[in-house]
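Visitor: Pasting in a structure now, in structure tokens, and then I'll have a few things to ask.
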Amino acid sequence: MEEKELQNELASIRSIMERSSKFISLSGLSGILAGIYALAGAALSYFFITSNSPEYYSIASKNLPARSLIYVYADGIFSLQILFVALAVLTASIVTAIILSKRQAKRKGQLFWGKISQSLLFHMAIPLITGGIMISIFISHEFYSFIYPSCLIFYGLSLISASNFTFSDVKYLGLLEIALGLIAACLPGYGLLFWAIGFGVLHIIYGSMMYLKYDK
């Protein structure tokens, strides 16, 4: 009986320490929705790429300057339409994560915006900002085949960097994102597919796991 009480006390102490040192209000449901947004965005981007006529593709395939509205890269045609889709997916995912995590924090009695969440955001932002700058450099030099792999790799690095301030499961998602990005870099022409798997399928799987494990 005493041993059981001791185990309960240790579990309570461990829970209190985790609550005070980690942001445990990440919503698994937000991960699921982010994955759905990403799959919808990938489908829309694929439509934009394949809907162009052979004549249009032939014209766009010529050496156009980086400032043009149409860019050509290994996956077909990279246009402002696809860029806007990617930004829309990112914005929707961030807004959803904030709303649901804020609700989760309130339910768990944790401060949503404090030192822990600020540290989480800071460590996650550094790789993401670095990746954004690197991708901008790729676009300016017309290295379009590296856009999708870079998105996956730098996002994976940001998850690993932020995993010290939240659930450890996030680290494994980051490792998978990096692995997918490296594979995508070796297989130019399939970037959109790997992007859909990394940001869509993996988010839905991991979001579902975290929802069942932590949100219930």
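Please treat every number below as a calculation from the coordinates, not as lab data. Worth saying up front: this structure is predicted, and the values here are computed from it rather than measured. Here the Cβ positions follow ideal geometry from the backbone for every residue, glycine too, while neighbour counts run over all protein chains shown.
Visitor: Rank the residues Trp195, Trp113 as a footprinting-exposure proxy: fewest other Cβ atoms within 10 Å of their Cβ go first. Walk me through the intermediate numbers first.
Guide: Values: Trp195 24, Trp113 11.
Ordered from fewest to most neighbouring Cβ atoms within 10 Å, Trp195, Trp113 come out as Trp113, Trp195.
Visitor: Using a basic spin-label model with each label point 7 Å from the Cα along Cα→Cβ, how many nm lie between Leu44 and Ile129?
Guide: Computed distance between label sites Leu44 and Ile129 equals 2.8 nm.
Visitor: Which of the peptides 86-97, 28-39 is most tightly packed, and how do the rest follow, going by the mean number of other Cβ atoms within 10 Å of each residue?
Guide: Most protected by this proxy first, the peptides run 28-39, 86-97.
Visitor: Using only Cα positions of the stretch 93-216, each an equal point scatterer, no hydration layer, compute I(q)/I(0) via Debye at q = 0.11 Å⁻¹ and quote the log10 values to two decimals.
Guide: -0.41
Visitor: With the crude spin-label approximation of a point 7 Å out along Cα→Cβ, what separation in nm comes out for Tyr172 versus Leu212?
Guide: In this crude label model, Tyr172 to Leu212 measures out at 1.2 nm.
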